[in-house]
1. Considering only residues that are in contact with a helix residue (DSSP H, G or I) (Cβ under 8 Å, 6 or more places away or on another chain) and farther than 25 Å from residue A:150 by Cα, which ones fall in the range B:57-76?
2. Looking at the range B:231-244, I want the residues that are touching a residue at least 24 places away in the same chain (Cβ under 8 Å) and have a partner that is of a type in the set (Gly, Ala, Ser) with Cβ atoms under 7 Å, at least 6 apart or on another chain. Which pairs are those?
3. Say whether the condition of being assigned to a helix (DSSP H, G or I) and either under 22 Å from residue B:73 (Cα atoms) or at pLDDT 95 or above (or both) is met by at least one residue in the range A:178-195.
4. Can you find, within the range B:72-91, the residue that is surrounded by the fewest Cβ atoms within 10 Å (Cβ to Cβ) among those that are touching a Lys or Arg at 6+ places or on another chain (Cβ under 9 Å) and outside any strand (DSSP E or B)?
5. Say we look at the range B:192-204 and pick out the residues that are within 14 Å of chain A (Cβ to nearest Cβ) and touching a residue at least 60 places away in the same chain (Cβ under 8 Å); which of these is farthest from DNA strand D (Cβ to nearest atom)?
6. Inside the range B:214-244, can you point out the residues that are within 25 Å of residue B:71 (Cα to Cα), assigned to a helix (DSSP H, G or I) and not aliphatic (A, V, I, L, M)?
7. Return the residues of the range B:38-71 that are crowded, with 17+ Cβ neighbours inside 10 Å and small (Gly, Ala, Ser); say none if nothing qualifies.
8. Given the criterion within 15 Å of DNA strand C (Cβ to nearest atom) and either of a type in the set (Lys, Arg) or exposed (fewer than 15 other Cβ atoms within 10 Å of the Cβ) (or both), identify the matching residue among A:225, A:236.
2 protein chains.
Amino acid sequence: MSLDPRFSDEMRDRLPPKHDARWTLGISRRESMDEPVEKATRHLDLAARECVLDEGDEARSLYVILEGAVMLSKLLPDGRRQIIELLGPGDIFGLSTNRLSDVTAETVLPARIVVYDRHTAESSAALQRLVSERMKAQICALHDHAVLLGRKTAVERVATFLMRLVPNRGGAGCAGPLSERRPDQANVRVPLTRQEIADYLGLTLETVSRAFSQLKREGFLVYGRHDEVTIANVCRLCKCTGSH
Amino acid sequence: MSLDPRFSDEMRDRLPPKHDARWTLGISRRESMDEPVEKATRHLDLAARECVLDEGDEARSLYVILEGAVMLSKLLPDGRRQIIELLGPGDIFGLSTNRLSDVTAETVLPARIVVYDRHTAESSAALQRLVSERMKAQICALHDHAVLLGRKTAVERVATFLMRLVPNRGGAGCAGPLSERRPDQANVRVPLTRQEIADYLGLTLETVSRAFSQLKREGFLVYGRHDEVTIANVCRLCKCTGSH
DNA sequence: CGGCTAGTTGAAGACACTCAACGAGCGTGG
DNA sequence: CCACGCTCGTTGAGTGTCTTCAACTAGCCG
């Protein structure tokens, strides 16, 4: 039995291909989230690679991701792009100090999102708690990401990225290898293109590809079909992240 | 008359050297902040380079900076350091999802800081508003910084850093050059060492030094005494940041 | 004066980037 | 059915930017 029944070999082939909520980015460590009780202004049901919000758009709403994944990115005038955050179920976006969004938000996976207007968001205690909780978590994630962008090598960045895709591992609440006897494997899906990973990790797509190849060559990874990757030994990969 | 009377040539020489609250990092665009009404658990009155909180310390309190500047940093196990955020009056820190601080906090300038325990912070509406407001602003700043770390060249990073030191310029609320006839000058103090700037910008101290030298050679900067620098033309420097 | 720290500058090297070719997978249309 | 075009990923060769290592200077304090 592998780490998580959701990702076991036996089940993998039986899973519907893309449109399954079980395939999240593994980032927020849950598959989906219950909808907050307040009446939402709107519900969004989006396919992958749909734009939710553009940098500079008016942003007077609170967006809560129920299912799927969203990426936030920023562009420099000459076209250089940085993907800032990858968000999953329970995460929020759309808030900003002034009334304009400072980032572009696009879906990475098919996503269900609820939208609350500013007034509803601010007058609901439950939503305020959610917002406060999630902002703290996002700030922590941004801190880690700053270390990655400022100080890590290409292979360390890619290893760190892959570790994020493994549920319940690598973070503060790392479960550790489940059993001594079983190989510490994990199957993950990488729903981002090399270009997107590169823009997230502050690299070029070629460098990302080379880092993947190197990890594969050295036995850390085995490519599956489509965008599936098997991490041969999660603990060993974790040692490549520079953080441990 | 220069942009801001605090930074005019005429006044500069008369100012007391370091221990003046007027010399903030210019980051939060204000000199100091009124103390929130709630009764604080503690008051801290710190010199420069004092440690407030270590990565991994218990963090059950909310820290509010009234005056001065604080830097948040993280270390990798092999000693690589990334300075994550530079905070000024009005900014907060110490919050984290779990009960441990994810960053180290040290003063950059002499600082006055008030500390509220978790319970006080959570039960005061005024403090909650402050926290929410500041967290949003910090997330925006972290987004910008991710772009810098992921996508900007060394000179662009240093130029962006210098622009942050100029009050009311470069950001969303950039005032623009004040007058057509006057040179668009600004005098700033750079209270960080080259090593600290390097750790903030994801570079080495030599690269930072070379970028400063290049900007000086090309007439963007004139070195003053101590850690003072004159930006010959703020608008022109802003074009070196890659953001405009 | 000597010792210390901070900053500058040069030379050589490493790591990631750029440019380019090529291959796999997939949908379209003849 | 296969050819075709398209996107995405891989890999190689050469280049460039930033790093590393090292020497040297300026300022400060005892």
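1. B:60, B:61, B:62, B:64
2. Pairs that qualify, where the first residue is touching a residue at least 24 places away in the same chain (Cβ under 8 Å) and the partner is of a type in the set (Gly, Ala, Ser), are B:231/B:186; B:232/B:219; B:234/B:186; B:237/B:159; B:238/B:170; B:240/B:159; B:241/B:159.
3. Yes, the range A:178-195 contains a residue that is assigned to a helix (DSSP H, G or I) and either under 22 Å from residue B:73 (Cα atoms) or at pLDDT 95 or above (or both).
4. B:80
5. Ranking the qualifying residues of the range B:192-204, first place goes to B:196.
6. B:238
7. Residues satisfying the conditions are B:40, B:59, B:61, B:68, B:69.
8. One residue alone meets the criteria, A:225.
The values are calculated or read from the model by the stated rules, or taken from the named source; none is laboratory data. Just so you know, these numbers come straight off a predicted model, no measurement behind them. Note: ideal-geometry Cβ built from the backbone for every residue, glycine included; neighbour counts use all protein chains shown.
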